1. Within region 43-59, what residues put their amide N at less than 20 Å from the label point 7 Å along the Cα-to-Cβ vector of E123?
2. Set the Förster distance to 30 Å, then compute FRET efficiency between I116 and D67 from the Cβ-Cβ distance, nearest 0.05.
3. When ranked by the protection proxy of mean other Cβ atoms within 10 Å per residue, highest first, what sequence do the peptides 155-164, 108-117 form?
4. Please report the spacing between the Cα centers of region 41-62 and region 13-28 in Å, no decimals.
5. Which whole-Hz couplings ³J(HN,Hα) result when phi for each residue of region 18-23 is put into the Karplus expression 6.51 cos²θ - 1.76 cosθ + 1.60, θ = phi - 60°, listed in order with x for Gly and Pro?
6. Sorted from largest down, what three extents in whole angstroms do the Cα atoms of region 1-58 have along their principal axes?
7. Using the beta-carbon distance between S30 and A131 and R0 = 41 Å, what value does 1/(1 + (r/R0)^6) give for FRET efficiency, to the nearest 0.05?
8. Report the calculated FRET efficiency for M94 and F18 (r = Cβ-Cβ distance, R0 = 25 Å), to the nearest 0.05.
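Derivation of every value follows stated rules applied to the coordinates shown; laboratory data play no part. It should be emphasised that the depicted structure is a prediction, and the values quoted were computed from it without experimental measurement. When we count neighbours, we look across all protein chains shown, and the Cβ atoms used for this are built from the backbone with ideal geometry, even at glycine.
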Amino acid sequence: MPGTICQLVCAAETQVNFARLVGDLDSVLSRFASCAVNLTWDCEDIALFDMPGTRILLGWSEGIGLDRLSCLTISVGPSPIAAVAGQFPAHDTMCVQLAERVQRRIPHEAVLWHHIPGIATSETLDELVDALPRLTTPNIGEMLNEEAAREAAADLEITMAEDAKEMQAQPEGEAARWHDPELGRLREALYPCGDDVQQVEQPSRPLQLAAHAMNASLLAVNAPVAALVMAYGFLKGGDMRFSSRAMTLASLMIAVSNTDLVHSLAALT
């Protein structure tokens, strides 16, 4: 007859009072079993309960694999004691009931079920424990980094595909001309760089001194206009063009003020 085995895989820090589990199961079987129960300790972490037709095995293992996991094994199957005539023990049902009872008391990370033929022994338990898969929690940070790398690679592929499509859509014989040296020289002539523009806009020092001298000479022509022009020159810097315009305007005002028309209008007012 096949036996049913349940394995509760626990974290490394899980603490279990295995002797108490064995004692509780022994008291329950002594009260409800219809025959005597033979309890045998194979070692301090494996207990065997033998009854006619049924063997219950409890085992506790620690430090399994690289993750140092722990495992509680519950096995219900055939027994070396012969079954009573007409007895049909429900091994799978009993194993499920025991597993449900223990699950509420022990925190665990996984539950594994097995069906094996024959009588379960300590060697059977050792083989099942050695065959446990490595149960680890995935590193969320590494998963996110891998996902970001895949998305970046997908975006790069999309960009390259779009560039290739644009190159294919361009008429044959016409290449992109943004690297044409002739167009580059023309662009530099039409749009000088910022440093060149700044150098053109800033006059030389002799021109600035000449502009200040012209602003000072306006004092003899028109003092109010000269004061405004000199103040602007000191704030913004000397500008020959602005100074020449101001001198021309002041001279024009003096010339107009000495005409007969202006004298006639002044006499009327």
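1. 43-50, 55-59
2. Approximately 0.75, to the nearest 0.05.
3. Ranking the peptides 155-164, 108-117 by packing returns 108-117, 155-164.
4. Answer, in whole Å: 12.
5. Each residue of region 18-23 in turn: 5, 4, 5, 4, 5, x Hz.
6. The Cα atoms of region 1-58 stretch 38, 26, 20 Å along their principal axes.
7. 0.75
8. Efficiency, rounded to the nearest 0.05: 0.80.
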